[in-house]
Amino acid sequence: MRRSWFLLVALLAVWLGGGVVTAAPAAAHATLVSTDPGEGARLDAVPAQVTLEFSEGVSLGAGYARVLGSDGERVDTGAAAVDGRVLTVPLRADLPDDGFLVTYRVISADSHPISGAYSFVVGDGELVPTAGGAAEDRTDPVVGAALPVSRWLGFAGLALAVGIPVLVLLCWPAGWSSAPLRRLSSWGAGLVAGAAVASFLLQGPYAAGTGPGSLLDPALLSATLSSATGWTLLARAVLAVALLMVLRPVWRHGEPPAPASVALAGVLALGVVVTTAAVGHPVAGPWPVLAVVVAAVHAGAMAVWLGGLAALLAVVLRPSTAGPDLAGVLTPWSRVAFGAVAALVVSGTVQAVREVESPTALFVTTYGWVLVAKLVLFLLVLAAAGVSRVWVQQRLGVRSSRPAGRRALTAHAFSASSASSASSSGPQPVAGEDGVDGAAGLRDRLQAEAAAEHVPALRRSVLVEFAIAAVVLALSAVLVGTPPARSAVAQPVDVLLPLQASSGPSGSVQVSVDPARPGPNTLHVYLFDDTGRPTQPAGITVSLTESAQEIGPLDVELAPAGPGHYVSDGMTIPGAGTWTLAISVRLDEFTATTARTDFPVR
């Protein structure tokens, strides 16, 4: 037993020790990669459209994409469109020279909104400040708090609706006649359906940045219904109701169900689990099918474990109902619970590797800190589960299989030592195979009767296990709505810097580094004169330096890509750290300008 639990803890340590370090990049929660026109650009003529490229596919849904003039009036045609990762906003014809503000709020593949704003100038117009242009996420606080609550209720309902029938089916056939378990399982299915509908209604206001007053807004409901997230939530609600309808006659009959009923309920339960997993981070980034499968294993294992614990606390371990059949329930449950915990550890490790990527991200992002808290609490749950498993082994005689000869010796020894106490219970076991079986049965019966006296100790251990697991479930609900650590840490660099010459300001340079991670990166450099128009220098050099590690300066090779535009497709950043990008521009034989920017790489 100690080796088994040590293995589970070791699997957690594998991720912290090396799994994350070697993980490949995972793209989830879209980020803005580039724009055309660029931020702060000064153009000679009004472009026909504005385009924004993101790191993954996005949709407009209940969001928006607008271009405003300096007077705050819209200058786009209102026909913004998305093609994969590219958002296009057509502009009206015959617009005057002016400053223009681009604002957007789009929905990433993991159902979370991304909002922002930037500005550019045409002709002699003035640059429009972005402070009031939705540069920050404006999710309504009530909606933002209600979504995790609905997810938590859905997870709790999943545990009751799926986990309780699994325990009764595999460990306690007589439990089909238990009215408390019937009610808990039915309430669980209802919670799953209700939470899915609540999440469906909240998704519209969440995507649009509006309050709870717009829950029934037809436009928002239509936008949610047209999204993959909306369909998945509705499918989950329908499957949960169908599961309730299939299981209700079985509970009322009070007998083990027929194989056909078990198969149908199993398919519906699997559907509820998969639709629970197929929302949020798993559907974004590479290998989405594999990610959904792993998330489904995680959700299913959670449901089996927590649902079984709820059934034990509600019925099996109640002092008024605990009796000699404890071994018949707890012995198989101990094995089922161990398998569920093992599946949780393995699938959770895979999920963490995909969403975090580096140990550094654990301690510099909200996602990372919530995950750390979840891991710490999960270790406490494992400790409580270990105490419960030791109780079962010691009180109910659950031991590893031994060779037949050793089992016979153990049974005979037990028979001899307990003969006097069992003399009133029937004939003594005799030598031979029947004698061994009789002694083993007598042993199990006597141990179960003695264990019933100590059930309160096991109940306390299971209660602690269940309570901490419920908190872990709440943290899981928060993680679903939190940007993954990798996307929160590794943000592309896009900055506009002034160029300083000895005689004073000499224009500006816009620098874009994507994805700002160790390894190959793409660098874009745009040069503008004092009026904001593209300018062609006499010479330009770019270098990278990491002062803390005494690396560099490393020269970056540039290739011309248009007037005042240079590109380096193979700029290599050797490793993590705070890097300095230095741009030196020679305007003519006598004038040189410089600009520098620091950016983190993790």
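Observations on the structure shown:
- In this structure, Ala322 does satisfy being of a type in the set (A, V, I, L, M, F, W, C), surrounded by 16 or more Cβ atoms within 10 Å (Cβ to Cβ), more than 19 Å from Ala474 (Cβ to Cβ) and at pLDDT below 65.
- The one condition in (1) farther than 25 Å from Val390 by Cα; (2) modelled with pLDDT of 65 or more; (3) of a type in the set (D, E, K, R) that Glu357 fails to fulfil: (2)
- Candidates Ala13, Ala23: the one that is over 16 Å from Val86 (Cα atoms) and either surrounded by 17 or more Cβ atoms within 10 Å (Cβ to Cβ) or modelled with pLDDT of 85 or more (or both) is Ala23.
- Leu147 modelled with pLDDT of 90 or more, of a type in the set (A, V, I, L, M) and either buried (at least 20 other Cβ atoms within 10 Å of the Cβ) or part of a helix (DSSP H, G or I) (or both): no
- Looking at Val283, Val246, Val315, Val297, just one residue is touching a residue at least 24 places away in the same chain (Cβ under 8 Å) and over 15 Å from the mean Cα position of the chain (by Cα), and that residue is Val315.
- Residue in the stretch 151-191 that is nearest to Leu202 (Cα to Cα), counting only those that are surrounded by 20 or more Cβ atoms within 10 Å (Cβ to Cβ) and polar (S, T, N, Q): Ser185
Residue by residue, here is whether (1) at pLDDT below 85; (2) of a type in the set (Asp, Glu); (3) closer than 24 Å to Trp231 by Cβ; (4) surrounded by 14 or more Cβ atoms within 10 Å (Cβ to Cβ) holds:
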{"residue": "Gly69", "(1), (2), (3), (4)": "no, no, no, yes"}
{"residue": "Glu73", "(1), (2), (3), (4)": "no, yes, no, no"}
{"residue": "Ala80", "(1), (2), (3), (4)": "no, no, yes, yes"}
{"residue": "Phe100", "(1), (2), (3), (4)": "no, no, no, yes"}
{"residue": "Ile107", "(1), (2), (3), (4)": "no, no, yes, yes"}
{"residue": "Val122", "(1), (2), (3), (4)": "no, no, no, yes"}
{"residue": "Thr130", "(1), (2), (3), (4)": "yes, no, no, yes"}
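Condition check ((1) outside any loop (DSSP other than H, G, I, E, B); (2) at pLDDT 85 or above; (3) surrounded by 16 or more Cβ atoms within 10 Å (Cβ to Cβ)) across all residues:
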residue: Val511; (1), (2), (3): yes, yes, yes
residue: Leu523; (1), (2), (3): yes, yes, yes
residue: Tyr526; (1), (2), (3): yes, yes, yes
residue: Asp530; (1), (2), (3): no, no, no
residue: Thr541; (1), (2), (3): yes, yes, no
residue: Leu544; (1), (2), (3): yes, yes, yes
residue: Ala548; (1), (2), (3): yes, no, no
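- Scan of the stretch 568-597 for residues that are surrounded by 15 or more Cβ atoms within 10 Å (Cβ to Cβ), assigned to a strand (DSSP E or B) and within 35 Å of the chain's Cα centre (by Cα), ordered by number: Ser568, Met571, Ile573, Gly577, Trp579, Thr580, Leu581, Thr597
- Residues considered: Gly204, Gly188. Of these, the only one that is touching a residue at least 40 places away in the same chain (Cβ under 8 Å) and within 17 Å of Val272 (Cβ to Cβ) is Gly188.
- Residues of the stretch 42-100 satisfying the condition of being under 37 Å from the mean Cα position of the chain (by Cα), more than 22 Å from Ala223 (Cα to Cα) and assigned to a loop (DSSP other than H, G, I, E, B): Ser55
- Flag if Ala278 is more than 19 Å from Ala301 (Cβ to Cβ) and small (Gly, Ala, Ser): no
- Pairs where the first residue, in the stretch 537-550, is closer than 30 Å to Gly562 by Cβ and the second is assigned to a loop (DSSP other than H, G, I, E, B) and not small (Gly, Ala, Ser), C-beta under 6 Å, 6+ apart: Pro537/Leu587; Ala538/Asp588
- Any chance Ser108 is under 19 Å from Tyr206 (Cβ atoms) and not acidic (Asp, Glu): yes
- A search for C-beta distances below 9 Å between a residue of the stretch 486-500 that is farther than 16 Å from Gly519 by Cα and any residue that is aliphatic (A, V, I, L, M) and at pLDDT below 70, counting only pairs 6+ apart in sequence or on different chains, returns Ser487/Ala26; Ser487/Ala27; Ser487/Ala28; Ala488/Ala361; Ala488/Val364.
The values are calculated or read from the model by the stated rules, or taken from the named source; none is laboratory data. Note that this is a predicted model, so its numbers are computed, not measured. No Cβ is skipped: glycine too gets one built from the backbone with ideal geometry, and neighbour counts run over all protein chains shown.
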